[in-house]
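Colleague: Okay, handing you the structure first.
Quick note: the coordinates plus some simple rules give every number you see, no bench work behind them. Only a predicted model underlies this, so the values are computations on that prediction, with no experimental measurement involved. Please note: Cβ atoms are built from the backbone with ideal geometry, for glycine as well, and neighbour counts cover all protein chains shown.
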Amino acid sequence: MLEAEALAIFEQDRKLCRAIGEHGAGLLENGARVLTHCNAGALATAGIGTALAAIYVAQEQGKQISVFVDETRPLLQGARLTAWELTRAGIEATLICDNMAGSIMSRGLVDLVITGADRIAACGDAANKIGTYSVACLAQKHGIPFYIAAPFSSFDLSIPDGSHIPIEERDSREVVSPFGLHLAPSGIKVLNPAFDVTPAELITAIITDRGIIRLPSRENISRIMGR
């Protein structure tokens with residue numbers, strides 16, 4: 001019984017990822033240059049991922065897509081995971097430090113941003129890996145569409161807005177001595193939130209397995225979620 005349930009969950013996640021990719025691929029034109037943050041690909045799901053799903057499906061459709069990969073400090077999920085996934089899939093990927101995103105946007109090198117989300121509030125505010133909010137602000141400044149890709153299970157309609165999403169504070173050693181390499185003075189105070197919240201007004205659309213929610217709001221989210 002437990003094995004059957006586990007297999008059913010696996011299959012559901014695989015189908016959800018595929019549906020997200022099918023909906024999102026239409027947003028990517030041939031030659032699109034995408035910026036992503038953290039890892040939301042096959043390594044994070046049972047399928048082809050969430051944020052990376054649209055890229056994989058677009059590639060299947062014959063589109064040439066290139067990706068700028070934020071390294072995603074302090075644990076470097078972009079550098080260690082996303083970069084590996086994309087290069088393994090034969091997709092052109094360029095690794096950048098997190099603080100380079102604004103610079104490459106200002107040079108006209110980014111056409112759109114796609115990230116995942118760990119939790120989405122009823123109004124469309126979305127929590128994702130720390131640094132996502134900064135990328136969204138930069139995208140708005142430079143007139144670049146900013147998309148969130150997530151399955152229906154990431155929505156929590158009991159949470160009215162992003163201020164009610166709990167944010168995990170992680171071990172200070174991730175910042176002062178990442179991967180065992182001590183970089184900072186002993187005893188220094190450290191603030192290390194794992195996530196931040198991107199307000200709905202900075203999100204162009206949310207790509208879900210049920211369709212694309214443009215101009216995320218309580219009304220638009222409720223409509224597509226069937227609530």
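Colleague: Scale the Cα Rg of the chain by the rule-of-thumb value 2.2 N^0.38 Å and send over the ratio, two decimals.
Modeller: Values: Rg = 17.4 Å, N = 227, 2.2 N^0.38 = 17.3 Å.
Against the empirical 2.2 N^0.38 Å value, I get 1.01 for the chain.
Colleague: Just need the relative contact order of segment 2-225 here, percent rounded to a whole number, with Cα pairs under 8 Å and 6+ apart.
Modeller: On the way: 469 pairs, mean separation 45.9, N = 224.
Answer for segment 2-225 is 20 percent.
Colleague: Please give the calculated 222 nm ellipticity per residue for the chain, where each DSSP H segment of at least 4 residues contributes -39500 (n - 2.57) and the sum is spread over every residue; nearest 500 deg cm²/dmol? Intermediate results must be reported in sequence, preceding the final value.
Modeller: Values: 7 runs with 66 residues, N = 227.
Only helices count here, giving -8500 deg cm²/dmol.
Colleague: Using DSSP to call loops (not H, G, I, E or B), can you name the trypsin sites (Lys or Arg not before Pro) in segment 1-109 whose Cβ has at most 14 other Cβ atoms within 10 angstrom?
Modeller: On the way: sites: Arg14, Lys15, Arg18, Arg33, Lys63, Arg80, Arg88, Arg107; in loops: Lys63, Arg107.
Passing both the DSSP loop test and the Cβ count: Arg107.
Colleague: Follow-up question, since we're still on this one. Would you calculate the separation in nanometres between label points at Ile224 and Lys141, each defined as 7 Å from the Cα along the Cα-to-beta-carbon direction?
Modeller: 2.8 nm
Colleague: Here's a follow-up. Which parts of segment 41-65 would a label at Glu11 reach, counting a residue when its backbone N lies under 20 Å from a point 7 Å out along Cα-to-Cβ?
Modeller: Once the point is set 7 Å along Cα→Cβ of Glu11, 45-49 turn out to lie under 20 Å by backbone N, inside segment 41-65.
Colleague: Moving on. At a Cα cut-off below 19 Å, give the lysines reachable from Lys63, other chains included and same-chain residues fewer than 8 away excluded.
Modeller: Of all the lysines, none pass the test against Lys63 - Cα under 19 Å, at least 8 places apart if same chain.
Colleague: Using a cut-off of 20 Å between alpha-carbon atoms, which lysines can reach Lys15, once sequence neighbours fewer than 8 places away in the same chain are excluded?
Modeller: none
Colleague: Between segment 73-136 and segment 160-213, what's the alpha-carbon centroid distance in Å?
Modeller: Comparing the Cα centres of segment 73-136 and segment 160-213, I get a distance of 13 Å.
Colleague: Just how large is the dipole of segment 2-225 about the Cα centre, in debye to the nearest 20, putting +1 at every Lys and Arg Cβ and -1 at every Asp and Glu Cβ? Intermediate values should be presented prior to the final figure.
Modeller: Values: 19 positive and 25 negative charges, 85 e Å.
The dipole of segment 2-225 has a size of about 400 debye.
Colleague: Which one, Cys123, Ser134, Gly62, is farthest towards the positive end of the dipole of segment 1-137 when Lys and Arg carry +1 and Asp and Glu -1 on their Cβ?
Modeller: Ser134
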